[in-house]
Each structure stands twice: as C-alpha cells, then as structure tokens.
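Worksheet for the structure shown next.
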Amino acid sequence: MLQNLEGAAWDKCNDVYLKMKGDFTSGSGLVKSDLEHDHKMYGRGKNNWGSLHKLEVHGKGHKDAVYGLKAGEAYTFICSGRAQRTCIDYWLVYETTINISTGEQIDIATENPAEYLPGNGSR
C-alpha cells in the first residue's frame with residue numbers, strides 16, 4: 001500500500017476494511033467470526049510502497065491477518081474503503097511456512113524474491 005499524504009493532516013491514508021467469507025479457520029489468535037466481519041486493516045507506506053498487515057479488532061487489539069485456507073475451496077475476500085487516498089497495488093496471499101518479509105514500510109515487491117510478484121504464478 002501507499003499512503004497518499006496530500007490530504008488533510010488528520011487523515012493518515014493508511015487503512016481499509018477487510019473481511020473474508022468461506023470455509024476457513026483463524027490462524028491469528030482471533031475466532032473465525034472476527035474475520036468474517038469488517039475490521040480496519042492498516043499499515044504504512046509513506047511516500048513509498050509499504051504493507052497492510054494488521055487488523056484492528058475492538059477489544060482484542062492488533063493482529064496479523066492470518067487465515068487457515070483449505071485447498072479446493074472458494075473464498076470471498078472483501079476489501080472496502082475507509083481512507084480516501086489509500087492506494088493498494090496488489091494483495092499477496094502466501095503460506096506462512098514461506099519466508100516472506102512483511103511489515104510496516106516494507107515494500108514486499110522489492111524485499112522478497114521476484115517469484116512472489118503478481119503474474120509470476122510460480123507458487
């Protein structure tokens with residue numbers, strides 16, 4: 001994600017709402033019903049590409065978005081707007097056993113092997 005900071009000073013332009021539908025489990029210390037409802041997902045990418053990776057779940061704090069997906073199942077991933085100038089280039093869904101660098105202000109496209117870039121389809 002990229003934070004477009006040209007807006008109002010109070011708008012950090014760093015978040016969206018996220019939820020998932022389908023036959024999955026939670027892998028992040030949350031319960032499935034938490035992941036099935038809109039929660040703010042936020043990150044950092046000030047004047048450079050960064051990453052969205054934390055869900056803000058009221059009463060449960062900030063958690064990484066980790067889903068236990070099952071092979072052969074269909075899922076509905078729903079991202080809806082909040083901050084008007086949050087720019088998202090692509091979503092990367094990966095197995096947690098793969099060593100990927102993520103986190104605030106980490107450009108996952110330049111900090112990880114090219115095989116994980118959109119369109120490569122190698123994994």
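Summary of values
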read-out: So ILE78, is it touching a Lys or Arg at 6+ places or on another chain (Cβ under 9 Å) and at pLDDT 85 or above; value: yes
read-out: Residues within the range 97-113 that are touching a residue at least 24 places away in the same chain (Cβ under 8 Å), surrounded by 12 or more Cβ atoms within 10 Å (Cβ to Cβ) and either among the β-branched types (Val, Ile, Thr) or part of a loop (DSSP other than H, G, I, E, B) (or both), tallied; value: 7
read-out: Every residue from the range 47-104 that is more than 13 Å from the chain's Cα centre (by Cα), of a type in the set (Val, Ile, Thr) and more than 14 Å from LYS19 (Cβ to Cβ); value: THR96, THR97, ILE98, ILE100
read-out: Those residues of the range 12-57 which are assigned to a loop (DSSP other than H, G, I, E, B), over 27 Å from GLU111 (Cα atoms) and in contact with a Lys or Arg (Cβ under 8 Å, 6 or more places away or on another chain), in sequence order; value: ASP23, PHE24, LEU30, GLU36, HIS37, ASP38
read-out: Residue, nearest to LYS12 (Cα to Cα), within the range 63-110, restricted to residues that are touching a strand residue (DSSP E or B) at 6+ places or on another chain (Cβ under 8 Å) and of a type in the set (Lys, Arg); value: ARG85
read-out: Residue in the range 66-88 that is assigned to a strand (DSSP E or B), at positive phi and without any contact (Cβ under 8 Å) to a residue 60 or more places away in the chain present; value: no
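The values are calculated or read from the model by the stated rules, or taken from the named source; none is laboratory data. The model shown is predicted, which means the values in this text are computed figures rather than measured ones. As a convention, Cβ positions derive from the backbone with ideal geometry for all residues, glycine included, and neighbour counts pool all protein chains shown.
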